[in-house]
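Student: Below: one structure in structure tokens.
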Amino acid sequence: MNLNISKNLIFRYVFFVIAALSATNLHAQVIDTSIIQFSGLIVTEERKNLVPVPYTTIVVRGTSRATYASADGFFTIVAKKGEVLDFSCVGFKDASYRIPDTIRSQFYTMYQYMTRDVINLPVTVIYALPSKHYFKDDFLAMEVHNELQSIAERNLSAENMERVNKGLKTDGGEASNLTMRQKTDSYYYYGQQKPQQIFNIFAWKDFFQAWKEGKFKKKKSQ
């Protein structure tokens with residue numbers, strides 16, 4: 001009998017301790033009533049009907065908390081009373097909403113209306129490129145008068161072409177072609193000594209001939 005009483009006392013004591021700790025834990029937890037679960041639906045007007053705006057970005061101003069709406073325009077985010085929510089979406093004007101301080105519930109639902117943003121771009125006229133198949137006919141049908149002919153002759157003169165050639169830089173195709181030719185020339189003499197012009201009798205002949213003709217004499221400045 002005494003043993004049974006002892007067991008009952010122990011059981012009651014353990015139960016009392018657990019209940020006391022649970023109550024203390026509940027009182028120790030301070031519930032922040034300023035935090036609410038903010039949900040809503042983002043809509044806009046289309047043909048006099050309200051339709052959802054999908055994938056709208058929702059940011060709590062001044063914080064790193066953010067989310068985006070679903071394909072149906074629904075969103076939910078944790079925020080505090082008095083904070084401002086910023087809504088942004090491509091094709092719509094930015095909107096904002098301040099959460100009222102008078103909310104008593106920890107759950108709040110709303111509809112956010114978005115206004116379409118119309119951007120007028122300058123007019124751009126696109127013309128189709130002429131086909132190469134019509135070049136011959138257009139070229140032959142072109143009227144070439146004396147003024148155009150004189151301009152063409154002046155632009156294609158030897159002096160003008162030489163001046164233009166000196167001012168032009170080597171493009172990528174020419175540079176790569178020159179490099180390939182130099183590589184090919186070096187591979188031709190691979191494994192042996194490349195001939196030098198100092199031992200070329202024809203080059204010496206041309207040198208002496210130019211020397212006799214006075215091509216190496218300095219010209220006097222006039």
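The values are calculated or read from the model by the stated rules, or taken from the named source; none is laboratory data. This one's a predicted model, so the numbers in the text were calculated from it and none came from an experiment. Neighbour counts are summed over all protein chains in view; Cβ atoms, including those assigned to glycine, are modelled from backbone coordinates with ideal geometry.
Student: From PHE135, PHE92, which residue is surrounded by 10 or more Cβ atoms within 10 Å (Cβ to Cβ), closer than 30 Å to ILE36 by Cβ, within 46 Å of the chain's Cα centre (by Cα) and of a type outside the set (S, T, N, Q)?
Tutor: On the way: PHE135 fails: closer than 30 Å to ILE36 by Cβ.
Of PHE135, PHE92, the one residue that is surrounded by 10 or more Cβ atoms within 10 Å (Cβ to Cβ), closer than 30 Å to ILE36 by Cβ, within 46 Å of the chain's Cα centre (by Cα) and of a type outside the set (S, T, N, Q) is PHE92.
Student: Taking THR33 as the residue in question, decide whether it is out of contact with any His (no Cβ under 7 Å at 6 or more places or on another chain), exposed (fewer than 11 other Cβ atoms within 10 Å of the Cβ) and either modelled with pLDDT under 50 or farther than 20 Å from GLN112 by Cα (or both).
Tutor: Values: out of contact with any His (no Cβ under 7 Å at 6 or more places or on another chain): yes; exposed (fewer than 11 other Cβ atoms within 10 Å of the Cβ): no; either modelled with pLDDT under 50 or farther than 20 Å from GLN112 by Cα (or both): yes.
Spelling it out, it is not the case that THR33 is out of contact with any His (no Cβ under 7 Å at 6 or more places or on another chain), exposed (fewer than 11 other Cβ atoms within 10 Å of the Cβ) and either modelled with pLDDT under 50 or farther than 20 Å from GLN112 by Cα (or both).
Student: Which condition number in (1) touching a residue at least 24 places away in the same chain (Cβ under 8 Å); (2) surrounded by 10 or more Cβ atoms within 10 Å (Cβ to Cβ) is the one that SER105 fails?
Tutor: Checking SER105 against (1) touching a residue at least 24 places away in the same chain (Cβ under 8 Å); (2) surrounded by 10 or more Cβ atoms within 10 Å (Cβ to Cβ), the one that fails is (2).
Student: Let me ask you something else. Name every residue in the range 108-124 that is under 15 Å from GLU46 (Cβ atoms) and surrounded by 11 or more Cβ atoms within 10 Å (Cβ to Cβ), in order of residue number.
Tutor: Hits for the range 108-124 are TYR113, MET114, THR115, ARG116, ASP117.
Student: Here's another thing I want to ask about it. Could you tell me whether the range 184-195 includes any residue that is assigned to a helix (DSSP H, G or I) and of a type in the set (Lys, Arg)?
Tutor: No, the range 184-195 has no match at all.
Student: Condition first: surrounded by 14 or more Cβ atoms within 10 Å (Cβ to Cβ), closer than 14 Å to ARG98 by Cα and hydrophobic (A, V, I, L, M, F, W, C). Can you find one or more residues in the range 41-54 that meet it?
Tutor: No, the range 41-54 has no match at all.
Student: Oh, and also: Looking at the range 103-122, which of its residues are within 16 Å of LEU50 (Cα to Cα) and either of a type in the set (Phe, Trp, Tyr) or in contact with a helix residue (DSSP H, G or I) (Cβ under 7 Å, 6 or more places away or on another chain) (or both)?
Tutor: TYR111, TYR113
Student: Also, quick follow-up: Taking interchain pairs and intrachain pairs at least six residues apart, which have beta carbon atoms under 7 angstrom, with the first residue in the range 32-61 and touching a residue at least 12 places away in the same chain (Cβ under 8 Å) and the second charged (D, E, K, R) and in a strand (DSSP E or B)?
Tutor: These pairs meet every condition: SER34/LYS80; ILE35/LYS80; THR44/ARG116; VAL59/ASP86; ARG61/ASP86.
Student: Kindly list the number of the only condition in (1) exposed (fewer than 11 other Cβ atoms within 10 Å of the Cβ); (2) outside any loop (DSSP other than H, G, I, E, B); (3) of a type outside the set (Ser, Thr, Tyr) that fails for ILE58.
Tutor: Here ILE58 meets the rest and fails (1).
Student: Then there's this: Which one of the conditions (1) without any contact (Cβ under 8 Å) to a residue 60 or more places away in the chain; (2) part of a loop (DSSP other than H, G, I, E, B); (3) touching a strand residue (DSSP E or B) at 6+ places or on another chain (Cβ under 9 Å) does PRO122 fail to meet, given that it meets all the rest?
Tutor: In the conditions (1) without any contact (Cβ under 8 Å) to a residue 60 or more places away in the chain; (2) part of a loop (DSSP other than H, G, I, E, B); (3) touching a strand residue (DSSP E or B) at 6+ places or on another chain (Cβ under 9 Å), PRO122 misses (3) alone.
Student: Test ALA128 against the stated conditions and say whether it is modelled with pLDDT of 85 or more and among the small types (Gly, Ala, Ser).
Tutor: no
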